[in-house]
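Undergrad: Here it is, the structure, as structure tokens.
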Amino acid sequence: MAGLAIETEGLVKVYGDTRAVDGIDLAIPRGGVHGFLGPNGAGKTTAIRMLATLILPDAGRARVLDHDVVREADAVRSLMSLTGQFASVDEDLTGRENLRLIARLYGYRGAAATRRADQLLEAFGLADAADRQVKKYSGGMRRRIDIAASLVVSPELLFLDEPTTGLDPRARNEVWDIIRALVNHGTTVMLTTQYLDEADQLADRISVIDRGRIIAEGTSSELKASVGSGTLHVRVMRRDDRDAARAILTRELGVGFDTTHDPQALVAGLDDRSGVTRALTALEDARIDLAQFALGQPTLDEVFLSLTGHAAEPGDEGEAAA
Ligand code: ATP
């Protein structure tokens, strides 16, 4: 059986005083989307650039699709593609010209290069814009042509570095659909993002990186479960019932409920959700009418805050200068 998609041990990259990547160990299986999540400056791009053989590690080792990124860099390059934040399509050329050029570089000849370009333009919803210069594309179209350019030859592994930074919600959804389709066709995707909802939507598993180190790993649900089972929001119909409801909830769930400025509301964080159904039945038995009884999962934002002590706010929205 083939080995892992990505395997690293103690991978390090130092820039002056900054340990941009400070000893990371990864074991990422083939297939699906692996999210690499962290705030600005966490070390995501530096790690990806080492894995994509663009820069050399200062220490540690990394294997991509069973090949060492230093000693077998050519083999790694032949199996993977990288779509960077600032991909290398030529803005003065049209979409079709760009893709045809790349197809030729990969050995497609004449009509075959044009056919491959047209297939990709069609697949990425760019057929109507095929003969327009890329510099006249919208942000979403630009990102789609970037991804298309990295798929002229189907890679086994695609590194997508912040593919939706600066895009509006509609364009982001379009890019997400493209990523899902790729994965359905068997490509392994390593997705770096500073958007928690993006990792939540797309990633099968997530590695959280902060200050050059991996600080947590797991599925989105596992990461959320690691900070508790969520928050129970209860709202009674009659404010006179609130104290009775609070006593019942505390008895059944074993946690204290807080009141809020809303005189009918009660809220508590739960470590364990096993008593929730019983608590609801007990409120009904006591004839307490409810306007709301809702258990919310913690958000990845809460997870990030709890792991790092700081929020994962993207510091610098939009497209930074290269
Ligand atoms: P972003 O989300 O902003 O792209 P990131 O997680 O990709 O952030 P990196 O770009 O890997 O983070 O940067 C990690 C750290 O290394 C930062 O402190 C950055 O300033 C520093 N760094 C990255 N590249 C270089 C470089 N070529 N020279 C000097 N410092 C660098």
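The values are calculated or read from the model by the stated rules, or taken from the named source; none is laboratory data. Bear in mind the structure is a predicted one, so any value in this text is a computation, not a measurement. Note: ideal-geometry Cβ built from the backbone for every residue, glycine included; neighbour counts use all protein chains shown.
Undergrad: Of the residues ALA42, ALA75, ALA62, only one is assigned to a loop (DSSP other than H, G, I, E, B) and either outside the structural domain of PRO163 (by TED's automatic domain parsing) or over 26 Å from ALA127 (Cα atoms) (or both); which?
TA: ALA42
Undergrad: Suppose we filter LEU120, LEU160, LEU167 for residues that are assigned to a helix (DSSP H, G or I), in contact (Cβ under 8 Å) with a residue 24 or more places away in the chain and crowded, with 16+ Cβ neighbours inside 10 Å; which single one remains? Give the derivation first.
TA: Working: LEU160 fails: assigned to a helix (DSSP H, G or I); LEU167 fails: assigned to a helix (DSSP H, G or I).
Being assigned to a helix (DSSP H, G or I), in contact (Cβ under 8 Å) with a residue 24 or more places away in the chain and crowded, with 16+ Cβ neighbours inside 10 Å holds for just one of LEU120, LEU160, LEU167, which is LEU120.
Per-residue answers, yes or no, for (1) over 30 Å from LEU283 (Cα atoms); (2) more than 16 Å from the ligand (Cβ to nearest atom):
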{"position": "TRP176", "(1), (2)": "yes, yes"}
{"position": "GLU198", "(1), (2)": "yes, no"}
{"position": "ARG205", "(1), (2)": "yes, yes"}
{"position": "VAL234", "(1), (2)": "no, yes"}
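Undergrad: Please work out if ALA20 is surrounded by 19 or more Cβ atoms within 10 Å (Cβ to Cβ), closer than 19 Å to ALA203 by Cβ and either modelled with pLDDT of 95 or more or within 16 Å of the ligand (Cβ to nearest atom) (or both). Can you show your working first?
TA: Details: surrounded by 19 or more Cβ atoms within 10 Å (Cβ to Cβ): yes; closer than 19 Å to ALA203 by Cβ: no; either modelled with pLDDT of 95 or more or within 16 Å of the ligand (Cβ to nearest atom) (or both): yes.
No, not satisfied.
Undergrad: Still on this model: Look through GLY107, GLY31 and report the one residue that is in a loop (DSSP other than H, G, I, E, B), touching a strand residue (DSSP E or B) at 6+ places or on another chain (Cβ under 7 Å) and away from the ligand (no atom under 16 Å from the Cβ). Working first, answer last.
TA: Details: GLY107 fails: touching a strand residue (DSSP E or B) at 6+ places or on another chain (Cβ under 7 Å).
Exactly one of GLY107, GLY31 is in a loop (DSSP other than H, G, I, E, B), touching a strand residue (DSSP E or B) at 6+ places or on another chain (Cβ under 7 Å) and away from the ligand (no atom under 16 Å from the Cβ), namely GLY31.
For every residue, the table says whether it meets (1) away from the ligand (no atom under 16 Å from the Cβ); (2) out of contact with any His (no Cβ under 9 Å at 6 or more places or on another chain); (3) within 30 Å of LEU305 (Cβ to Cβ).
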| position | (1), (2), (3) |
| --- | --- |
| ALA27 | yes, yes, yes |
| GLY43 | no, yes, yes |
| ILE48 | no, yes, yes |
| PRO57 | no, yes, no |
| VAL64 | yes, yes, no |
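Undergrad: Go over the candidates THR94, THR83 one by one and state the one that is crowded, with 17+ Cβ neighbours inside 10 Å and farther than 24 Å from VAL183 by Cβ. Working first, answer last.
TA: Details: THR83 fails: farther than 24 Å from VAL183 by Cβ.
When all the criteria are applied, what remains is THR94.
Undergrad: For region 263-297: of the residues being in a helix (DSSP H, G or I) and of a type in the set (Asp, Glu), which is farthest from VAL234 (Cα to Cα)?
TA: Keep residues of region 263-297 that are in a helix (DSSP H, G or I), which gives 276-285.
Next cut, of a type in the set (Asp, Glu) only: 284-285.
Working: GLU284: 13, ASP285: 16 Å.
Among those that are in a helix (DSSP H, G or I) and of a type in the set (Asp, Glu), it is ASP285.
Undergrad: Now for a different question. Name the residue that is nearest to LEU196 (Cα to Cα), counting only residues in region 213-262 that are part of a loop (DSSP other than H, G, I, E, B) and modelled with pLDDT of 95 or more. Talk me through it step by step, then tell me what you get.
TA: Taking region 213-262 first, the residues part of a loop (DSSP other than H, G, I, E, B) are 219, 226-229, 237-238, 254-257, 260-262.
Now restrict to residues that are modelled with pLDDT of 95 or more: 237-238.
Values: MET237: 35, ARG238: 38 Å.
Only one residue tops the list, namely MET237.
Undergrad: Kindly establish whether GLY95 is assigned by TED's automatic domain parsing to the domain that holds TRP176, more than 21 Å from the chain's Cα centre (by Cα) and closer than 30 Å to SER306 by Cα.
TA: Values: assigned by TED's automatic domain parsing to the domain that holds TRP176: yes; more than 21 Å from the chain's Cα centre (by Cα): yes; closer than 30 Å to SER306 by Cα: no.
It is false that GLY95 is assigned by TED's automatic domain parsing to the domain that holds TRP176, more than 21 Å from the chain's Cα centre (by Cα) and closer than 30 Å to SER306 by Cα.
Undergrad: State whether one or more residues within region 166-175 are in contact with a Gly (Cβ under 6 Å, 6 or more places away or on another chain) and hydrophobic (A, V, I, L, M, F, W, C).
TA: Yes, there is a match, as at least one residue in region 166-175 is in contact with a Gly (Cβ under 6 Å, 6 or more places away or on another chain) and hydrophobic (A, V, I, L, M, F, W, C).
Undergrad: Could you figure out which of (1) more than 16 Å from the ligand (Cβ to nearest atom); (2) crowded, with 22+ Cβ neighbours inside 10 Å; (3) touching a residue at least 40 places away in the same chain (Cβ under 8 Å) isn't true of VAL76?
TA: It fails just one condition, (3).
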